[in-house]
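**Student:** Encoded as structure tokens, here's the structure I'll be asking about.
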Amino acid sequence: MRIDVYSDVVCPWCYVGEKRLEKALARVPDLETEVRWRPFQLRPEMPEGGLPWAAFVREKFGGEENAKAAFAHIAQAGAPDGVRFDFGRVASAPNTVDAHRLILFGGACGREWEVADALFEAYFARGADFNNRDDLAEIAARAGLDPEEARGFLAGRDGADEVARSQEQAARLGISGVPFYVFDGRYAVSGAQPVEVFIRALEAARDGRGD
């Protein structure tokens, strides 16, 4: 079964949703799956160098107090799934093209989800800057890739067209927010749903294909 995960690495609910899907897959062990990262930029119009975090928070949440309440809710929701957020360390709201490209590079090396996990953790728990290629190379190393090879890949434009095509495909499917999960091209789940919802989707997709 193919599972397409439309996601962005600066989306906290995408991080939570990934861990919940992982738990659901562990509870349906007889199912063979191919889980694919599908790039989606929440802010494709973001400037190439991103925005300072404080300016972004003011724009998105209308002020620091609103942001603190939202962040506390997200942190509380992610804790049972082992997701740690430290929003106080987040320094920027980046353009995520290079981060998505790094995941695609990781996929070509057989380490797609290791890179995605490393990016989530680096951004939300350690304040990594995704518009700094030294930071991205360090994250690649944490995910088991050669950092110099990753740096060389990021220096070019390979993968940028694939990021754009994935965004266009999401628009054709009517996806306007992430996380969004498509099971075998027929069943969809939107949002970081509870583990039980993912299990039901997996079972429905499995039963619908006659397995």
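**Student:** Under 5 Å between amide H atoms, partner at least 5 residues away or on a different chain: which partners does Ser92 have, H built in plane at 1.01 Å?
**Tutor:** So Ser92 has HN proximity to Trp53.
**Student:** Using the Kirkwood radius built from alpha carbon pairs, what does the Stokes-Einstein equation give as D for the range 2-208 at 10 °C and 1.306 mPa s, in µm² per second?
**Tutor:** The estimated diffusion coefficient comes to 91 µm²/s.
**Student:** Restricting to the chain, what percent of DSSP beta bridges are antiparallel, rounded to 5?
**Tutor:** 60
**Student:** What percent do you get for the relative contact order of the range 2-208 when only Cα pairs under 8 Å and 6+ apart count?
**Tutor:** In percent, rounded to a whole number, it is 32.
**Student:** While we're looking at this one, here's another question. Treating the angle as unsigned and between 0 and 90°, give the value, to the nearest 10°, between the Cα long axis of helix 12-26 and the longest Cα principal axis of the chain.
**Tutor:** Value to nearest ten degrees: 30.
**Student:** If you don't mind, there's one more thing I want to ask. Angle between the Cα long axis of helix 112-126 and the longest principal axis of the chain, 0 to 90 degrees, nearest 10?
**Tutor:** 40
**Student:** Still on this structure: Between 0 and 90 degrees, rounded to the nearest ten: what's the tilt of helix 133-142 against the longest Cα principal axis of the chain?
**Tutor:** 40
**Student:** Every cysteine in the chain with no other Cys Cβ under 4.7 Å from its Cβ, please list them in numeric order.
**Tutor:** If one checks each Cβ against the other cysteines of the chain, Cys109 turn up with nothing under 4.7 Å.
**Student:** Something else about it: Suppose R0 equals 30 Å; then what is the FRET efficiency for Phe61 and Glu149 from their Cβ-Cβ distance, rounded to the nearest 0.05?
**Tutor:** FRET efficiency, Phe61 to Glu149: 0.20.
Every read-out reported here was derived from the displayed coordinates using simple, explicitly stated rules and does not represent laboratory data. Bear in mind the structure is a predicted one, so any value in this text is a computation, not a measurement. Cβ coordinates were reconstructed from backbone atoms using ideal geometry, including for glycine residues, and neighbour counts include every protein chain displayed.
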